[in-house]
Every structure is written in structure tokens, then in C-alpha cells.
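Q: Can you keep this structure in mind? I'll have questions shortly.
Taken together, the values in this text are just the output of simple stated rules run on the coordinates, not laboratory data. Please read these numbers as outputs of a predicted model, since none were measured by experiment. Virtual Cβ from ideal backbone geometry, glycine too; neighbours counted across all protein chains shown.
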């Protein structure tokens, strides 16, 4: 009923609808557009990761990150480094988000003075003790999942496509830590506003909501969520990732995206 009312309102009152005047979008085109709209040629940002237990007690982490698109190699490279507090300072993650094939991930732990490659089986595990997973730090490889368009539904006042995402096999599901997920992708910018993750008993176990959508590259229409909130429905924990300041920079230094730089103190 809610979907029908939204569509009727758009038609009757003439509210702008990005689907009008263009070809009907298939679910694969929607997902490709979503990834493309969030792929920047380069950026740098500082941010805050807040990790909350079920009693609301907080641990706060400050981070710095950079990313760059290498079109010839068909890969997005990104680095994340922790600035504070002292017990995590210097910890970092390097990610090669490959268009084809598996992503490459490394983590540096200063206490061990060692860079460790993150294997596929670790990608579904917690990112630095938060409710986000290591896999959440990279873009989704669309070849590894099947997509079904469930319809149109409003969330947080935003008309969205409602899409079911299912891993193509058990190995991919295990690596990513969920059996399926439901996404609500905005009609306006193709950025997800809400994601519900299901465990291997097909019960919802995490819900992500994205807020403060930022137009980072106005010329090319590239967006990023300024705040991501991940709530664990089953254990009551919550984590918040905020971009305190993001700068569009297509000329981020190549040296940032090496294990040598990851280990630099």
C-alpha cells in the first residue's frame, strides 16, 4: 500500500521522479549505477569511529583515509589509518577493491610490527571491534551476488528501490558474513539509505542506516554517506562511522597505497 501511495503522489502532484523520461532500469543497472555513483577518482578524509556496547558505553577512534581509482588496472585502492587513541595509533588497513576477481586486503598491527594479509574467510569478521565487518570497508563485487528488485518503498522520507541481495554460493556468504540482505537505494542518488543483514538462520541480525549524503564530486555526480550507523539487532551493540571532513582529490599520492606506507609511523 505504501508503495502504491508513493507512486500515485508522484503522478498526481508532479513530484520529480528520476525514473520519468528515461528507460526503465533493471535491477542490475540500478546496482551498477549505485556503485558508479560512489566511486570517486580520488579522495582524502578524516573521520570518527564510535563503538558502543549494549549499555551505551563508548570507545572513540579517530581515523584518516584516502582512496584513488586506477581505471587502467580496474581497481579502487584505499588506505585507512587509526590516529588515536594511543592503543590503536598506527593500526591500518590497505584495500585493493578489484572490479574483477577477489579484493585484496592487508592489516598492519604496530604492536606486532607486521602486515598481515586478510584472507577471504576473515572478511566477514569485525572491523577493529566494531559492528562493521572488514567486507563493509570495500565495495561489493556485483559478480558475486544475485539481485532481485522487490519494488519501491519509502524510507526516512526518501523514495527508494528495495533490492534483495543474495550471495551466489555458500563460500561467498561465509566470506561476507550474511545469508542475504535487503537494501533501500535512493531514487535521487542511488546511495543506500538502509540495509538489513540476515544471518544463516535467515533472521535479521544487523541494520545499517546511512545519513548526511555528501555530493563530493559535483561535476561527475559522486556521493558518499557522511554518517553510517550499524546496529546489531541481536546483541544490542552499535557502531557509528562519521566523515568529519572529506576532500575530493583525484591526485592522491600513489605511495599511500603500499604496504610500505601502511607500516610507516
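Q: Among the residues of region 127-146, which ones are outside any loop (DSSP other than H, G, I, E, B), surrounded by fewer than 16 Cβ atoms within 10 Å (Cβ to Cβ) and in contact with a strand residue (DSSP E or B) (Cβ under 7 Å, 6 or more places away or on another chain)?
A: So in region 127-146, the residues outside any loop (DSSP other than H, G, I, E, B) come out as 133-137, 142-146.
With the extra rule that they be surrounded by fewer than 16 Cβ atoms within 10 Å (Cβ to Cβ), the set shrinks to 142-143, 146.
Within region 127-146, just 146 meets the criteria.
Quick grid of which residues meet (1) assigned to a strand (DSSP E or B); (2) in contact (Cβ under 8 Å) with a residue 40 or more places away in the chain; (3) farther than 23 Å from residue 56 by Cβ:
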residue	(1), (2), (3)
153	yes, yes, yes
162	yes, no, yes
182	yes, no, yes
200	no, no, yes
223	yes, yes, yes
228	yes, yes, no
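Q: Among 50, 63, which is the only one that is assigned to a strand (DSSP E or B) and farther than 26 Å from residue 141 by Cβ?
A: 50
Q: Continuing with this model, one more query. Does region 91-114 include one or more residues that are surrounded by fewer than 20 Cβ atoms within 10 Å (Cβ to Cβ), within 25 Å of residue 237 (Cβ to Cβ) and touching a strand residue (DSSP E or B) at 6+ places or on another chain (Cβ under 6 Å)?
A: Among the residues of region 91-114, at least one is surrounded by fewer than 20 Cβ atoms within 10 Å (Cβ to Cβ), within 25 Å of residue 237 (Cβ to Cβ) and touching a strand residue (DSSP E or B) at 6+ places or on another chain (Cβ under 6 Å), which makes the answer yes.
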